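Step one of this worksheet: look at the structure below.
All of the numbers you see were taken from the coordinates with simple rules; none came from a lab. As the structure is a computational prediction, the values presented were derived from the model and not from experiment. Glycine also receives a Cβ, built like all others from the backbone with ideal geometry; neighbour counts cover every protein chain displayed.
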Amino acid sequence: MHTDPGLNTAVIRVLQDGERVVIIAGPQQADGMTWWQVRDSGGQEGWVAASFLQQVREP
């Protein structure tokens, strides 16, 4: 999870495989990638490249 869209921005934290986040903004294009702003379960917000996200539906 980055502070802003793009590969050359600061990394806030690394999301765990399968960790759920909520998309709150985006998309934005940076460094040839699509980025979404997300919020994790602890309320922390940051930007994640779309290639690392998978849509799931709540039961």
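Numerical summary
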{"item": "Asp31, sole failed condition from (1) among the charged types (D, E, K, R); (2) surrounded by fewer than 15 Cβ atoms within 10 Å (Cβ to Cβ); (3) on the phi < 0 side of the Ramachandran plot", "result": "(3)"}
{"item": "Residue match in segment 48-55 (condition: surrounded by 11 or more Cβ atoms within 10 Å (Cβ to Cβ) and in a loop (DSSP other than H, G, I, E, B))", "result": "yes"}
{"item": "Meets criteria (without any contact (Cβ under 8 Å) to a residue 40 or more places away in the chain, among the basic types (Lys, Arg) and in contact with an Asp or Glu (Cβ under 6 Å, 6 or more places away or on another chain)) for Arg13", "result": "no"}
{"item": "Which listed residue is surrounded by 15 or more Cβ atoms within 10 Å (Cβ to Cβ) and either in a strand (DSSP E or B) or of a type outside the set (D, E, K, R) (or both), from Gly6, Gly18, Gly43", "result": "Gly6"}
